[in-house]
Structures are given as C-alpha cells and as structure tokens.
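Asker: Dropping a structure here in structure tokens format, bear with me for questions.
The values are calculated or read from the model by the stated rules, or taken from the named source; none is laboratory data. Worth saying up front: this structure is predicted, and the values here are computed from it rather than measured. No Cβ is skipped: glycine too gets one built from the backbone with ideal geometry, and neighbour counts run over all protein chains shown.
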Amino acid sequence: MSKTSQPELRRSVTPWGSFSWGYSDVGADIFVGLGLVLGAAAGASNVAFLFAGIVYVCIGLAYTELAATYPVAGGGQYFVLRGLGDIFGFIAGWAVLLDFTIDIALFAWSCVDYLSELLPVLNNAPHPWAHFIVVLGLMIGLCTLNFIGVRESTAFNGFVSGLDIISETAILTLGFLFAFSPHLLVHTMQTSWPTPFEFMKGISLAIVSFVGLESISQAAEETQRPASIIPRTSTALILTILIFALSYANLALGMHTWHPIPLDAHGHPQMLWQWLGNTDNNGKAVALIAKQVPYWGAIAAFYVPVLGAILLLISSNSGVFGSSRIAYAMSKGGLLPSIFERVHPRFRTPTVSLLVFTSVSILELIFAALPSLDPNMAALYARLFNGESGIDFLGDLYAFGAATSYSFVFIALIALRLTDPLSPRKFKIPLNIPVNFRGERAEFPVIAVLGFIGIVAILVFTMITHPIGRIAGPSWIVLGLILYFIYRKRKGLPLLHSHKRDWRNEQLEILRRAGELELMDEYAANLKASDERRAKAAV
Amino acid sequence: MIYHNDAVTITVAGVVIAAVIMVAIVATLWWMLHPPASFVQKLAREAETELERMVGSVVVVFSQEIESNHMMALAAKLASGEKSELLAIYVIEVPYTLPPDAAMPVEERAALDALGAAETIATNTDVSVRTDIIKARSTKQAVLDLAKREKANLIVLGSFREGKYSGAPLGRTIEEIAADAKCDVLIGVEGKHGTLLYEEPGSPASP
C-alpha cells in the first residue's frame with residue numbers, strides 16, 4: 001500500500017499576492033510613522049526619512065537575497081538561526097516577537113485614531129477611556145478571530161493594497177501638483193531644523209515606517225517560484241514604500257494648505273508639520289495631510305480615514321497572526337518550550353501562542369495608555385520617562401525590536417555568504433568582494449556591512465533618545481534569554497551552542513518544496529563538485 | 001512658480017515631482033507583475049499554444065463502429081475554452097453491393113440520434129456545432145477527405161462499439177485514421193470498469 005506524503009503549504013501566492021502580503025504590513029507604517037517623525041525631526045523629517053530609507057533599502061536587499069535563497073516560512077528568525085546558530089536565532093526571533101506584539105497594539109491604537117477623524121467620540125485627548133476600550137476591543141476581537149482560524153484572505157489584502165496605492169499616489173501626485181512650493185520646503189528646513197537629539201529621535205522613529213518587509217519572507221514557502229518572484233516583489237515594495245515616505249515628508253514640509261491650520265494650544269499660529277506632529281494628531285497624519293490637498297481633499301477627508309483604518313487593522317492582525325506563527329516555528333525549532341506548539345484540536349490554531357502574545361500586547365497597551373487614563377500616572381511618566389507615553393512609547397519599542405532583529409539579519413547574511421556559498425542565489429546584493437573561505441570561493445557583501453552600521457546607528461539613536469525604549473527593549477531581550485536558558489537546560493540542549501542539523505539535505509528539500517527545481521539541480525551539482533574538490537585535495 | 005492663488009500653487013518642481021511619483025509607481029508595479037518565465041512555465045506555455053493550434057478546427061467522428069459521445073463532450077469543452085470550430089459527422093459505410101446513395105433507414109436513424117446528442121452536448125456547453133451525415137464506401141477515407149477539405153486541426157474519435165472488434169485493439173478504422181491522418185488525432189477509450197478516479201462497485205479493481 002502506498003503511503004501518502006505529508007500535506008505541504010500550497011504555492012498559491014502570486015506576485016501581486018506576495019507584494020500585497022508585504023504591503024498590507026509595511027504600507028500601514030507610514031500612517032503611523034509620518035506624524036511621529038514630523039513631531040520629532042521637524043524641518044529635517046525628510047532627511048530623517050532619507051537616512052532611515054537608505055538603511056531600509058539595505059535591509060530590503062538583505063531580506064530579498066535571503067528569502068530568495070532560503071524560501072521557507074520563518075523569515076529573519078530562520079536566516080539568523082541558520083547563519084549564526086540557535087542562541088542568536090532565538091534573540092532575533094524574540095526581537096521580532098516584540099515587534100509583532102507592539103504591532104498589534106500600535107496599529108490598533110492608530111486605527112482608532114484614524115477612525116476618530118470621522119467619529120470624534122473616539123479621540124484620545126478628550127475621550128481617553130473610549131479610545132482605550134475600543135483599541136482593547138479590537139485587539140481581543142482580532143485574537144478571537146485568529147483563535148477560531150479566521151484570517152483576512154489574500155484577495156482582500158490585495159484589494160485593500162491596490163486601493164491604498166491608488167489613493168496614496170493620487171494624494172501625493174495632486175498634492176505636489178497643486179500645493180507644493182519648493183521655496184516653502186527650503187524655508188521650513190532652514191527655520192525648523194531640529195537639534196541633534198531631536199534629529200536622532202526622528203531617525204529612530206523613521207525606521208518605524210519601514211518595518212514589515214518580513215511578511216514577504218514569512219510567505220515565501222507559499223509563493224509561486226519564490227526565488228524569481230520574491231526579488232521582484234521585495235524590490236517593488238521597497239521602492240513603493242520609499243517613494244511614499246520621502247514624498248509625504250517633503251510634501252508635509254513644503255505644502256500650501258487648502259484649509260487654514262488651527263492655532264496651537266497656546267493660541268499661536270503653527271505650520272502644517274507642527275500640526276501633524278503634535279500629540280493629538282500624530283496618529284492620523286496621513287488623513288490630515290490628504291484633507292489639505294486642493295479639491296481632492298474634499299473626497300479624501302471621507303475615505304482616507306476609513307482606508308487607513310482598514311489597512312492599520314490588517315497590519316494589527318498580521319501582528320496577531322505573525323507572533324503566533326513565529327512562536328510556533330521557534331518552538332518547533334527547539335528555541336521555545338513546546339507549549340507554544342500546542343494546536344487547538346478543533347480550530348487547528350496555535351492557541352497558547354496566540355493567547356500569550358496577545359496578552360503581552362495588551363500589557364503594552366495598558367502601559368502606553370495609563371498616563372492618558374490617569375493624571376497621577378501622567379505625572380509619574382513625566383518624571384521618569386520624560387513625559388513619553390501612548391503612541392510614542394509603542395513607536396519606541398517598535399523601532400527597538402526592528403533595529404535589533406535587522407542587525408542580526410545583516411550579520412547572518414554575511415555569515416551565510418561565507419559558510420554557505422554553494423546555495424544558488426538567484427538574487428545577490430550588488431557590490432561584493434570575492435574571498436576564499438574554508439576552501440570555497442565566496443563573496444563578501446559590502447552593502448550588508450554598510451546596512452549593519454546604519455541599523456546599529458539607529459539602534460543607538462533609539463537607546464539614546466527613548467527613555468522607555470532603552471529600558472523596556474533590553475529588558476525584553478534579557479527576559480527572553482532567561483526563559484531560553486531555563487528551557488534549554490531542562491531539555492538537556494546546549495546552552496550557548498547549536499544542536500546539529502543537516503543543512504545540506506534541508507536546503508535540497510526547501511528548494512524541492514518551493515518548486516525551484518533548476519536551483520535544486522544547481523545546488524546538488526555545486527555540492528558534488530565541492531565534495532570532489534575536497535576529496536582531491538585530501539589525496 | 002507657474003500659478004498661485006489662495007486655493008492652489010502650481011510650480012515646475014511640483015509638476016515634475018508629481019509626474020515622477022506617478023511614473024515611478026506605475027513602472028515599479030508593472031515591472032513586478034511581469035517576471036520572466038521559468039523553464040517549466042515555458043514548457044506549459046508551449047503546450048497551451050500547441051493546444052490552441054490543435055483545436056482551431058475540430059472534427060468529431062461517429063459511425064456504426066465508432067462511439068464518440070463522451071469524446072464529443074470533451075471536444076465541446078475544449079472548443080468552448082479555445083473558441084474553435086466544431087464539426088460532428090456521422091459516417092455511414094455503404095456496402096459495395098449497394099449504390100453509393102442507397103437508402104439505409106436504420107443507419108440514418110442511428111446517425112440522427114448520434115448527431116442530435118452531439119448538438120445537445122454542444123448547446124449545453126454553449127458552443128456551436130455543425131453536423132453532417134456522410135455516406136461513403138470507407139469510413140477512414142471519408143474522414144480523411146473531410147479533414148483535408150475542412151482544414152481540420154484535430155480529429156476526435158471515440159472507441160469502437162462493443163461487438164465490432166475487428167482484430168485491432170482500438171478498432172481497425174480508428175487505427176487506420178490515426179495512422180494516415182495529416183493532423184492530430186485524439187482517441188478516447190472508455191474504461192471497462194469506470195475511470196481511474198472512480199471505480200464502480202463490484203468491479204475487479206474495487207476493494
């Protein structure tokens with residue numbers, strides 16, 4: 001009797017599906033990031049976005065190469081595990097987990113901010129409890145949907161992403177066409193240039209607008225011809241997001257507004273970027289800027305808040321789904337206790353992972369919302385954390401988690417280039433130096449080094465400028481490491497070393513499952529040639 | 001500055017940046033959605049092109065020996081997908097003992113039934129079909145002559161009728177047409193015990 005093989009993930013994700021999978025995650029970031037960066041970096045917001053954007057391009061290229069070479073679900077955590085071993089794989093995965101839990105709270109928070117444009121009762125400043133309860137309700141609702149196995153479909157993601165790209169292109173094109181003044185841009189940059197501290201803070205928050213490229217890698221196993229498609233979808237995603245982020249920043253600094261800007265809290269006139277970056281508005285800056293586009297703003301005022309809210313909700317959901325999925329993958333890989341592998345017998349969903357990490361995100365939400373809910377806490381936060389709270393706090397931690405995991409991904413890329421030169425790379429980051437490493441010809445990626453320096457700089461900026469981030473971020477990593485060591489000790493697994501894996505056969509299997517048969521043949525031929533060379537050298 | 005009033009400000013820089021944003025986004029997405037084909041995709045595309053060519057004009061053959069109803073259903077589905085011309089013919093072999101245009105009421109009645117069923121299949125599949133009854137001394141020659149005249153790309157044949165086995169596994173007429181035809185020939189033989197996907201209860205292969 002023949003034995004049926006294990007069911008595998010179906011390769012049903014098309015190029016547009018792969019792109020929209022990433023876009024529904026990264027595309028929402030600018031809805032949150034724009035206001036935060038304008039509030040911090042003022043007249044240098046465009047430069048802050050440019051700096052973070054250059055680092056993001058390097059990150060994007062690194063992810064593109066790795067996801068095309070190792071098309072497996074797992075993303076950054078898998079690449080680091082494979083390149084640097086178990087403990088670093090754990091730290092990278094744990095940092096991504098932090099990002100996913102923040103993602104849930106931050107995007108649900110911002111989703112309600114956008115809705116408050118149409119429903120003022122949800123505005124955080126006058127109605128903090130209503131805002132908090134709706135955010136909490138959304139998070140619990142998303143957790144419940146994921147618990148019973150309901151997810152938004154790829155088709156829905158694709159539809160919303162397409163609609164958003166058209167909408168953002170229209171806002172930016174018409175904004176530059178009818179309301180942009182280069183003289184005003186230069187004037188704003190000259191008169192509102194931030195202090196170095198504010199600039200560093202702006203850069204560290206600008207990276208928030210570029211987080212989520214991971215999603216394309218996470219879906220690599222389900223993507224058709226991943227080695228060919230992922231480089232295209234990733235590159236397109238990088239370019240699209242970069243164009244949007246830089247355009248919004250420049251437009252916000254150099255735009256003649258259609259409607260007058262309200263006076264600030266002290267009754268003084270304020271510029272557009274000041275209005276967008278204040279604490280009342282920084283969670284919904286894109287909707288407000290869209291409103292200021294001549295003619296189009298009248299229509300945009302109604303649909304952009306709704307579109308933004310939907311995109312942010314999808315992004316929040318990807319946090320719920322992503323955190324449970326990565327915890328499940330880490331547990332299967334022996335990095336987290338097996339309880340995170342536990343699947344609900346009826347719904348077939350990783351319920352323990354879902355409940356634990358949604359609970360963590362609820363704790364983060366409570367910590368972020370406390371000062372607006374209780375004036376005594378506001379005073380305490382002012383004393384301890386420089387008055388930071390709410391969306392700033394979530395943004396801080398989001399930047400910390402992203403910068404940490406991205407740093408490891410760059411090192412993993414360099415390590416894998418040296419230790420695994422035989423794996424065929426259909427996409428390779430340009431600018432490489434040929435080297436010989438352990439008897440094999442390899443290529444050292446210069447851009448990975450530059451990207452690593454850039455992301456470490458952002459990590460340092462985050463630690464310097466965010467009082468909560470520099471405490472909560474490292475504490476999260478230390479807590480994770482304690483759990484990791486306890487678990488590994490109990491299981492009798494090596495604490496600092498990795499347990500042995502057969503990467504060669506695993507890579508052949510990965511390429512076979514991905515349907516990249518030509519690459520599989522090439523890899524097998526590379527292995528054979530390498531073995532023959534080594535045998536000859538030994539003789 | 002090109003134009004400025006209280007409502008709008010149009011500048012050269014603004015126009016250029018707006019155009020660059022629009023072109024860059026459209027070009028990026030277009031490039032992303034048009035990846036080069038892989039070897040496997042090229043093979044699939046060649047096969048699809050071949051199929052399009054193959055089913056440009058399809059002749060489905062019925063006769064006393066050839067039972068083609070199930071193949072007519074398949075040909076109609078092919079034709080509906082590929083928008084090809086469909087022609088169903090019933091060939092009545094006239095023995096040499098009779099004149100070529102001799103009346104053969106029993107065979108003609110069977111032909112009307114077969115072609116009526118063919119038309120119904122075509123209607124149900126939403127394709128148009130031409131039908132014709134041909135009297136000839138040899139089914140093979142009639143089919144090959146018609147295929148040549150109609151510039152057929154594909155001849156579709158069913159299996160031999162039960163009790164008409166004449167020494168060739170598929171039926172002599174079917175094998176001769178397949179051997180001598182200048183175009184592609186599709187032959188469908190019905191399994192004795194259901195299909196590969198479904199086995200009739202009680203058949204030797206069923207559990």
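Asker: Please work out which residue is nearest to A:SER209 (Cα to Cα), limiting yourself to the stretch A:224-268 and to residues that are of a type in the set (Ser, Thr, Tyr) and more than 7 Å from chain B (Cβ to nearest Cβ). Break it down stepwise before answering.
Answerer: Quick first cut of the stretch A:224-268, residues of a type in the set (Ser, Thr, Tyr) only: A:228, A:233-235, A:240, A:247-248, A:257.
Now narrow it down to the ones that are more than 7 Å from chain B (Cβ to nearest Cβ): A:234-235, A:248, A:257.
Details: A:SER234: 16, A:THR235: 16, A:TYR248: 11, A:THR257: 24 Å.
Per the criteria, the residue is A:TYR248.
Asker: While we're here: Name the residue, out of A:LEU97, A:LEU122, that is closer than 16 Å to A:TYR398 by Cα and either among the hydrophobic types (A, V, I, L, M, F, W, C) or touching a strand residue (DSSP E or B) at 6+ places or on another chain (Cβ under 9 Å) (or both). Give the steps one after another, and end with the answer.
Answerer: Details: A:LEU122 fails: closer than 16 Å to A:TYR398 by Cα.
Of A:LEU97, A:LEU122, the one residue that is closer than 16 Å to A:TYR398 by Cα and either among the hydrophobic types (A, V, I, L, M, F, W, C) or touching a strand residue (DSSP E or B) at 6+ places or on another chain (Cβ under 9 Å) (or both) is A:LEU97.
Asker: List the number of the failed condition for A:SER361; all other conditions in (1) of a type outside the set (D, E, K, R); (2) in a helix (DSSP H, G or I); (3) over 25 Å from A:GLY149 (Cβ atoms) hold.
Answerer: For A:SER361, the exception is condition (3).
Asker: What do you reckon, is A:ILE429 surrounded by fewer than 15 Cβ atoms within 10 Å (Cβ to Cβ) and in the same structural domain as A:GLU198 (by TED's automatic domain parsing)? Before you say what the answer is, go through the steps one by one.
Answerer: Numbers: surrounded by fewer than 15 Cβ atoms within 10 Å (Cβ to Cβ): no; in the same structural domain as A:GLU198 (by TED's automatic domain parsing): yes.
Against the criterion (surrounded by fewer than 15 Cβ atoms within 10 Å (Cβ to Cβ) and in the same structural domain as A:GLU198 (by TED's automatic domain parsing)), A:ILE429 does not qualify.
Asker: Kindly evaluate A:ILE464 against the criterion of being in contact (Cβ under 8 Å) with a residue 12 or more places away in the chain and assigned to a helix (DSSP H, G or I).
Answerer: yes
Asker: Name the residue, out of A:LEU517, A:LEU496, A:LEU459, A:LEU450, that is loosely packed, with under 14 Cβ neighbours inside 10 Å and farther than 30 Å from B:PRO36 by Cα. If you could, list the steps in order and put the result at the bottom.
Answerer: Working: A:LEU517 fails: farther than 30 Å from B:PRO36 by Cα; A:LEU459 fails: loosely packed, with under 14 Cβ neighbours inside 10 Å; A:LEU450 fails: loosely packed, with under 14 Cβ neighbours inside 10 Å.
That would be A:LEU496, the only listed residue that is loosely packed, with under 14 Cβ neighbours inside 10 Å and farther than 30 Å from B:PRO36 by Cα.
Asker: On to the next question. Restricting attention to the stretch B:142-151, does a residue exist that is under 28 Å from B:ALA102 (Cα atoms), part of a helix (DSSP H, G or I), modelled with pLDDT under 90 and of a type in the set (Val, Ile, Thr)?
Answerer: The answer is no; no qualifying residue exists.
Residues checked against (1) under 20 Å from A:ALA290 (Cβ atoms); (2) of a type in the set (A, V, I, L, M):
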{"residue": "A:VAL112", "(1), (2)": "yes, yes"}
{"residue": "A:SER116", "(1), (2)": "yes, no"}
{"residue": "A:LEU122", "(1), (2)": "yes, yes"}
{"residue": "A:PRO128", "(1), (2)": "no, no"}
{"residue": "A:VAL134", "(1), (2)": "no, yes"}
{"residue": "A:ILE148", "(1), (2)": "no, yes"}
{"residue": "A:VAL160", "(1), (2)": "yes, yes"}
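Asker: Turning to a different aspect of this structure: Here are some conditions: (1) touching a residue at least 40 places away in the same chain (Cβ under 8 Å); (2) within 14 Å of chain B (Cβ to nearest Cβ). A:GLU198 meets all but one. Which one does it not meet?
Answerer: (2)
Asker: Are there helices (runs of 4 or more DSSP H) fully within the stretch B:1-88 with at least 1 residues that are away from chain A (no Cβ under 14 Å), over 30 Å from B:MET104 (Cβ atoms) and modelled with pLDDT of 80 or more? List them.
Answerer: Working: elements: B:12-33, B:39-54, B:69-82.
By residue number, B:39-54, B:69-82.
Asker: Do you know which of the residues in the stretch A:82-141 that are in contact with a Lys or Arg (Cβ under 8 Å, 6 or more places away or on another chain) and farther than 29 Å from A:ALA327 by Cα is surrounded by the fewest Cβ atoms within 10 Å (Cβ to Cβ)?
Answerer: Among residues in the stretch A:82-141 that are in contact with a Lys or Arg (Cβ under 8 Å, 6 or more places away or on another chain) and farther than 29 Å from A:ALA327 by Cα, the one surrounded by the fewest Cβ atoms within 10 Å (Cβ to Cβ) is A:GLU117.
Asker: Another question about this same structure. In the stretch A:316-342, which residues are at pLDDT below 85 and outside any helix (DSSP H, G or I)?
Answerer: Residues satisfying the conditions are A:GLY333, A:GLY334, A:ARG342.
Asker: Six or more apart or on different chains, Cβ atoms under 7 Å: show the pairs whose first residue is in the stretch A:38-67 and at positive phi and whose second is not in a helix (DSSP H, G or I).
Answerer: These pairs meet every condition: A:ALA42/A:SER192; A:ALA42/A:PRO194.
Asker: While we're looking at this one, here's another question. Would you confirm whether or not the stretch A:509-532 contains a residue that is basic (Lys, Arg) and at pLDDT 90 or above? Lay out the reasoning, then the answer.
Answerer: Step one: of the stretch A:509-532, the residues basic (Lys, Arg) are A:512-513, A:528.
If we keep only those that are at pLDDT 90 or above too, we end up with A:528.
Yes, the conditions are met somewhere in the stretch A:509-532.
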